[in-house]
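In what follows, a single structure is set out as structure tokens and then discussed.
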Amino acid sequence: MGETEVKLLCTKAKELLLKDDNVQMVPAPCTIVGDIHGQLYDLKELFAVGGSIPNTNYVFMGDYVDRGFYSVETFLVLLAIKVRHPASITLIRGNHESRQITQVYGFYDECLRKYGSVNVWRYCTQAFDHLPLAAVVESKIFCVHAGLSPSINTVDQIRAIDRKQEPPHDGAFCDLLWSDPEDIDGWGLSPRGAGYMFGADVVRQFNTTNGLELIARSHQLVMEGYKSMFGDTIVTVWSAPNYCYRCGNVASILELDEHLNKNFKIFEAAPEEYRGVPARKQSPQYFV
């Protein structure tokens, strides 16, 4: 796709994303997806396992770029699907959908290498600013990239956030993109340097206050593809198999039927002979 086509796609996608609320309401049945991180050929595997659009309704929970070799293509494919089938895909913002983060972990450099300028990076990061912050499936399952915030007690408070900006370094917007569940009581400082750690009591209170049954999130590598915590009140879904092409993990997607019954589908990385591995510089390592 040429630079002009990328600009047109991002412009059209922004128009459609503006129609999505901060917290997008999603009907069941649907399929919930975790981090992708530029692993384009594994995204193709995901669609082969989960079903094609528009036959399947998807909720992607962010982190489409960085780490993998095909961040540009991955994000543009998802934007193109959004433009073609807007009612069949919800794209939530992750912490890597950020100007600052993508300048460190690969996406900026990939755009510069593939297009010879930073224009495509600018078009994509402008689209990042229009992505919703969360989704709720049938008023019962809350989907967010990372976690909760001590500044947020109700889902309605998320609806009041001005999302059309670069994620701030602290506050509610930041916490939704950075926080992690942990076996603690209450809230704790996050070793990531952004967001918080939060315990089972926090999850229980948030779910009770908002009439929710489950929080679905991604943001953390899970070797088994998914991990339920706190009596199945929160689940981490990880959808990038063999993360960074070296971690050896499997990936998963979470299928919800019309009654919100859960079915985790596990899948492995696409065979290497089908995807190839272009050369690139190593980016700094940390698990997000």
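The residue list G2, G50 contains one member that is open to solvent by less than 20 Å² (accessible area, probe 1.4 Å) and either small (G, A, S) or more than 22 Å from R159 (Cα to Cα) (or both), which is G50.
Being within 28 Å of A127 (Cα to Cα), of a type in the set (D, E), surrounded by fewer than 19 Cβ atoms within 10 Å (Cβ to Cβ) and in contact (Cβ under 8 Å) with a residue 12 or more places away in the chain is the requirement here; does D170 meet it? It is true that D170 is within 28 Å of A127 (Cα to Cα), of a type in the set (D, E), surrounded by fewer than 19 Cβ atoms within 10 Å (Cβ to Cβ) and in contact (Cβ under 8 Å) with a residue 12 or more places away in the chain.
For the stretch 31-39, the count of residues that are open to solvent by 20 Å² or more (accessible area, probe 1.4 Å) and at pLDDT 95 or above is zero. Annotation: of all residues in the stretch 197-252 being part of a helix (DSSP H, G or I) and in contact with a Leu (Cβ under 8 Å, 6 or more places away or on another chain), the one that is farthest from C143 (Cα to Cα) is Y243.
Candidates L131, L177: the one that is part of a helix (DSSP H, G or I) and either open to solvent by less than 10 Å² (accessible area, probe 1.4 Å) or in contact with an Asp or Glu (Cβ under 6 Å, 6 or more places away or on another chain) (or both) is L177. The set of residues from the stretch 70-103 being over 21 Å from K7 (Cα atoms) and in a loop (DSSP other than H, G, I, E, B) comprises G94, N95.
Could you tell me whether any residue of the stretch 150-160 is over 19 Å from F198 (Cα atoms), outside any loop (DSSP other than H, G, I, E, B) and not hydroxyl-bearing (S, T, Y)? Yes, the stretch 150-160 contains at least one residue that is over 19 Å from F198 (Cα atoms), outside any loop (DSSP other than H, G, I, E, B) and not hydroxyl-bearing (S, T, Y). Taken together, the residues in the stretch 53-74 that are open to solvent by less than 10 Å² (accessible area, probe 1.4 Å), of a type in the set (S, T, Y) and under 27 Å from Y115 (Cβ atoms) amount to 3.
I'd like the full set of residues that are open to solvent by less than 60 Å² (accessible area, probe 1.4 Å) and within 23 Å of T90 (Cβ to Cβ), limited to the stretch 222-236. Answer for the stretch 222-236, where residues must be open to solvent by less than 60 Å² (accessible area, probe 1.4 Å) and within 23 Å of T90 (Cβ to Cβ): V222, G225, S228, T233, I234, V235, T236.
The values are calculated or read from the model by the stated rules, or taken from the named source; none is laboratory data. Remember, it's a predicted structure, so these values are computed and weren't measured experimentally. Cβ atoms come from the backbone with ideal geometry, glycine included; neighbour counts cover every protein chain shown. We work out accessible area using only protein heavy atoms, side chains counted, and drop any ligands, DNA or RNA first. Shrake-Rupley method; radii C 1.70, N 1.55, O 1.52, S 1.80 Å.
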